[in-house]
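Remarks on the structure that follows.
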Amino acid sequence: MKTFRFGVIGCGLMGREFASAAARWMHLTDAKARPEIVAVCDTNPDLMGWFTTHIPTVRQTTTDYRELLANPDVDAIYCAVPHVLHAEFYTDILKAGKHLLGEKPFGMDREQNQAIMAVLAEHPDLIVRCSSEMPYFPGAQKVIAMAASGEMGDILEVEAGFLHSSDIDPMKPINWKRMEHVNGAYGCMGDLGMHVLHVPLRLGWRPETLHANLVKRVTERPDGKGNMVPCTTWDNATISSRVRTADQDFPLVLKTWRIAPGESNTWYIRVLGMKKSAFFSTKQPRQWQWMDYQGGTQSWSTEDLGYGSVFPAITGKIFEFGFADAIQQMWAAFLDELAGGTSNGFPCASPAEAAAHHAVLTAALESGLENRVVAVDYE
């Protein structure tokens, strides 16, 4: 099994999730390659200390990401930094000749994304992907397979969403995701948009026109120092769009909500067709639902899937798949590509898909600000 040596830039929550997935790589049964974290970078030494405490392979710690990029022992980078830093960090990573799995939205705005794409075009030898783990749930894969089969008939509507309740408390202290100059003008759409667009874009469903309703319900939050400060990003976005392909014409609804009462990191995809329909939500992680309409009774069927993953694992098929498994499956797909594989048929989100999602979010921001239907420009 080939080993790829990784540097982690940004040692927060998702950096630790990657480290956890790498530490239990033996969970996978036929991986072509494995990750080894050898270097970490963060401006917070305490966060790097977690890595050095738990990961004995880490040999470099630095607060300057350029020092990490100069390390010849690093083959690839996982980069999880605030959106405003994406263009600078990602382009420097590519110029250093390192493979990259970067966090969404792959640039704070479309201009930054285009700058990243321009540098990427100069380095076609590099494997570069965007983080998006939710479609690796077995139930999501079932919906994707049914939609891709063409058996659903004329599609009536598709809805995809990512719902949080995390910001419903107005006294929750502010963080950088509530600051437009760091998060970007997209607000919640920049943080959650790749999640809701990954599957539609992978299936070739690109919105042609759209109308967005943007909600800014909490306008100020505590700063943790006894003051109230402006909260300048959008809390919720509901995007109603139209998709037209060679043989389909249907509405696509996308929801990126930070204030969704009762929800907790819920991702879902619903596809309604004239012959077959399908639905999956992480709220019921081991189940998916489908309807096969042949005339007569319309009845949804529910199946418990157990552990049926894109990359086989040691877990018995009767057991439940979870978020940590989805993270590891995404990383397995990335490592498989690094080793020359096909990601078992489901690669991570591509830079082209990230660029297309920027086109949608840019149009949605314009639509929400001006309250009008906007055509999506993918050029």
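The values are calculated or read from the model by the stated rules, or taken from the named source; none is laboratory data. If you're wondering where the values come from, they're calculated on a predicted model, not measured in any experiment. Every residue, glycine as well, gets a Cβ built from its backbone with ideal geometry; the counts of neighbours run over all protein chains shown. The accessibility values were calculated without ligands, DNA or RNA, using every heavy atom of the protein model including side chains. Shrake-Rupley method; radii C 1.70, N 1.55, O 1.52, S 1.80 Å.
For region 58-150, what does the equivalent ellipsoid look like in terms of its semi-axes, each the square root of 5 times an eigenvalue of the Cα gyration tensor, given largest first in whole Å?
Gyration-tensor ellipsoid for region 58-150: 28, 16, 13 Å.
Tell me whether region 236-283 comes out rounded, prolate or oblate; compute the Cα gyration tensor, take square roots of the eigenvalues as a ≥ b ≥ c, and use a/c under 1.5 as the rounded threshold.
oblate
Using a 10 angstrom cutoff on alpha carbons, build the Gaussian network for the chain and name the most mobile of ALA70, ALA21, ALA185.
Checking each option, the largest mean-square fluctuation is seen for ALA70.
Where Lys and Arg each count +1 and Asp and Glu each count -1, what net charge lies around GLY7 among other residues with Cβ under 13 Å from its Cβ?
Neighbourhood net charge equals -3.
222 nm [θ] for the chain, helices only, -39500 (n - 2.57) per DSSP H run of 4+, per residue, to 500?
-9500 deg cm²/dmol
Pulled fully out, how much extra length does the chain show between THR53 and ARG244, if you take 0.36 nm times their separation in residues and subtract their Cα-Cα distance?
63.5 nm
Apply the Debye scattering formula to the chain, with a single equal point scatterer on each alpha-carbon and no solvent, then give log10 I(q)/I(0) at q = 0.11, 0.15 Å⁻¹.
Debye curve over Cα of the chain, log10 I(q)/I(0) at q = 0.11, 0.15 Å⁻¹: -0.80, -1.47.
For the chain, what is the accessible area per residue in Å², given a 1.4 Å probe and the full set of protein chains?
Using a 1.4 Å probe on heavy atoms only, each residue of the chain averages 42 Å².
Sticking to Cα atoms, compute the Rg of region 40-98 to one decimal and its Dmax as the biggest Cα-Cα distance, whole number, in Å.
Calculated on Cα positions, Rg and Dmax stand at 11.6, 31 Å.
At a threshold of 8 angstrom on Cα-Cα distance, excluding pairs fewer than six apart, so keeping six or more, what relative contact order does region 9-157 reach in percent?
17 percent
On a straight-distance basis, which aspartates and glutamates could pair with LYS317 in a cross-link, Cα separation under 18 angstrom, same-chain partners fewer than 8 positions away excluded?
Of all the aspartates and glutamates, those that pass the test against LYS317 - Cα under 18 Å, at least 8 places apart if same chain - are ASP30, GLU303, ASP304, ASP325.
Looking only at THR256, THR63, THR362, which one moves most when the chain is put into a Gaussian network model with springs between Cα atoms under 10 Å?
THR63
Once the Cα atoms of region 270-379 are picked out, what are the Rg and Dmax in Å?
Reported Rg and Dmax, both Å: 18.9, 52.
Can you tell which of PHE319, PHE250, PHE280 shows the greatest fluctuation in a Gaussian network model of the chain with Cα springs below 10 Å?
PHE319
Under 26 Å between alpha carbons, and skipping anything fewer than 8 positions from LYS255 in its own chain: which lysines qualify?
By straight Cα distance, LYS255 reaches LYS104, LYS142, LYS172, LYS177, LYS216, LYS275, LYS276, LYS283.
Using the Kirkwood radius over C-alpha pairs as Rh, can you work out the diffusion coefficient of region 1-142 via Stokes-Einstein at 10 °C, viscosity 1.306 mPa s, in µm² per second?
Rounded, D is 102 µm²/s.
Could you tell me which of rounded, prolate or oblate describes region 110-193, using a ≥ b ≥ c as the square roots of the eigenvalues of the alpha-carbon gyration tensor, with rounded for a/c under 1.5 and, failing that, prolate when a/b is larger than b/c and oblate otherwise?
oblate
So, in Å, what gap is there between the alpha-carbon centers of region 189-230 and region 1-43?
Each part's Cα centre sits 29 Å from the other's.
Can you work out the Karplus-derived ³J(HN,Hα) for every residue in region 346-352? Use 6.51 cos²θ - 1.76 cosθ + 1.60 with θ = phi - 60°, whole Hz, and x for glycine or proline.
Values per residue, Gly and Pro as x: 9, x, 4, 4, 8, x, 5 Hz.
Inverting the mean 1/r over all pairs of different Cα atoms, compute the Kirkwood radius of region 177-276 and quote it in Å.
Value: 15.3 Å, from the Cα pair sum.
How high is the relative contact order of region 1-58, in percent, counting Cα pairs under 8 Å that sit 6 or more residues apart?
45 percent
Counting only protein heavy atoms and using a 1.4 Å probe, what share of the accessible area of the chain belongs to carbon plus sulfur, as a whole percent?
C and S fraction of accessible area: 52 percent.
Using a Förster distance of 56 Å, how high is the FRET efficiency between THR297 and THR342, based on the Cβ-Cβ distance and rounded to 0.05?
Once the sixth-power term is evaluated, E becomes 0.90.
List the aspartates and glutamates whose Cα sits under 15 Å from the Cα of LYS98, skipping any in the same chain fewer than 8 residues away.
Of all the aspartates and glutamates, those that pass the test against LYS98 - Cα under 15 Å, at least 8 places apart if same chain - are GLU36, GLU67, ASP73, ASP75, GLU88, GLU122, ASP125, GLU337.
Grab the Cα-Cα distance for LYS216 and ALA23, subtract it from 0.36 nm times how many residues apart they are, and report the gain in nm with one decimal.
65.5 nm
Give a residue-ordered list of calculated ³J(HN,Hα) values for region 177-190 (Karplus: 6.51 cos²θ - 1.76 cosθ + 1.60, θ = phi - 60°; whole Hz; x for Gly, Pro).
6, 9, 10, 4, 6, 10, 7, x, 5, 4, x, 4, 5, x
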